[in-house]
Amino acid sequence: MLQWREHLLRTPVLYQPRTLEEARKLKRELGAKAVYAAGGTLLRTLWENGTAALPEALIDLRGVAGLSGIRHEDGHLYIGALTELSVCRSRGEIAMASPALREAARGIAAPSVRNLATIGGNITCGNGDVLPALLVAEAELAVSGPDSNPWVPMAAWLADRWSSTYDPETIVAGVRLPAASARNELGGRRFEVYRKVGRREAFTPSLVTAALAGTIGEDGVLRSVRIAAGGGSSRPHRLERAEALLEGRRFSAELMSSLSEAVHEEYAPSGDAFATGAYKSKTAANLIAAELWRLLHPREDSPEQPV
Ligand SMILES: Cc1cc2nc3c(=O)[nH]c(=O)nc-3n(C[C@H](O)[C@H](O)[C@H](O)COP(=O)(O)OP(=O)(O)OC[C@H]3O[C@@H](n4cnc5c(N)ncnc54)[C@H](O)[C@@H]3O)c2cc1C
């Protein structure tokens, strides 16, 4: 017991680079001996539960220029990687651009953790709870520089992140979302929702997370539907077959039933100590079908109306 905690008594060397180039150079030179650190909240958990050893060096990203700030540019809302989850939860422009991201941030950990934890750290770990929200919000990432061109679509970046060729020097500089004004031009009733199921009601790691976005025309037809699921240690991803099933369709009981089956088939996470893969898949199917039902049958007293 004491043996695996011994490493926690060591103090890693702390590097505080000022530029992305400097940070990447340090990582290149130090290799696996060093890890990037932002809020440190996930890293701390990994060290404390023995999932990862305390490294010899930490490369603190918090002083790196260009990783902070929230701003409108080119029809998008840009959120720097160092933006804390508490800020993602409270800033009106983020809620306007992506209600799902706001809701995802709201459900992560407790306020004390959210005040330190960054959106960049949540994205970079590859299975953070914000990822399904960013997938349906059509987010794009600036990787290794705020001016990286082209912007990398979230789904493409995630595929790379989970591949064996992922470059460990990669720094996520920020994320951008289509601004609310750009989305509203498309017409129809826009919706974007996010749901998390954990092991208890609040302050819990996720078992399943699901996000859903699109528009409902005045004729009741669903368009541009985007669905994503994730949760726990599973890789979040878009459910493209389920999306295609809904495209151009109106509500019917048969459609809901086919949707539930399609999600169950397409989302196949692994089980863990707390829930089987089948339970997670069924939960995702139920969450998504229930959310769509609610959106297509809005009640005036419903706490959340489509955006
Ligand atoms: C009590 C508690 C509860 C939690 N509950 C949840 C939860 O419900 N849902 C959830 O998703 N998470 C949860 N977490 C995990 C964690 O808080 C979040 O994932 C958080 O967003 C991580 O951000 P951070 O800035 O602290 O990342 P860090 O811990 O600093 O880093 C996390 C990883 O990302 C890398 N990294 C960080 N920033 C960058 C960057 N810009 N570019 C490249 N690499 C980077 C680091 O090297 C490290 O591998 C919880 C943590 C705690 C302690």
Checking Leu245 against (1) in contact with a Phe, Trp or Tyr (Cβ under 9 Å, 6 or more places away or on another chain); (2) outside the structural domain of Leu135 (by TED's automatic domain parsing), which test does it fail? (1)
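So which helices (runs of 4 or more DSSP H) stay within segment 88-170 end to end and still have 1 or more residues that are open to solvent by 20 Å² or more (accessible area, probe 1.4 Å) and away from the ligand (no atom under 14 Å from the Cβ)?
Values: elements: 92-97, 99-106, 111-114, 119-124, 131-136, 154-161.
Here the list reads 92-97, 99-106, 154-161.
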Which count do you get for residues in segment 236-256 that are over 21 Å from the mean Cα position of the chain (by Cα) and free of Cβ contacts under 8 Å to residues at least 24 places away in the same chain? 6
When every residue in segment 76-87 that is within 13 Å of the ligand (Cβ to nearest atom) and either hydrophobic (A, V, I, L, M, F, W, C) or not in a loop (DSSP other than H, G, I, E, B) (or both) is compared, the one surrounded by the most Cβ atoms within 10 Å (Cβ to Cβ) is Leu85
Is there any pair with a first residue in segment 120-132 that is over 11 Å from Arg235 (Cβ atoms) and a second that is among the β-branched types (Val, Ile, Thr) and within 6 Å of the ligand (Cβ to nearest atom) whose Cβ atoms are under 6 Å apart and which are 6 or more apart or on different chains, and what are they? Gly120/Val172; Ile123/Val172; Thr124/Val172; Asp129/Ile108
Quick one: Val225 ticks every box in (1) closer than 19 Å to Leu141 by Cα; (2) open to solvent by less than 50 Å² (accessible area, probe 1.4 Å); (3) not in a helix (DSSP H, G or I) except a single one, so which number is it? (1)
Of all strands (runs of 3 or more DSSP E) fully inside segment 27-75, the set with 3 or more residues that are within 8 Å of the ligand (Cβ to nearest atom) and not assigned by TED's automatic domain parsing to the domain that holds Glu140 is 34-37
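The values are calculated or read from the model by the stated rules, or taken from the named source; none is laboratory data. Everything quoted here is computed from the prediction, not taken from an experiment. Note: ideal-geometry Cβ built from the backbone for every residue, glycine included; neighbour counts use all protein chains shown. Heavy atoms of the whole protein, side chains included, go into the accessibility calculation; ligands, DNA and RNA do not. Shrake-Rupley method; radii C 1.70, N 1.55, O 1.52, S 1.80 Å.
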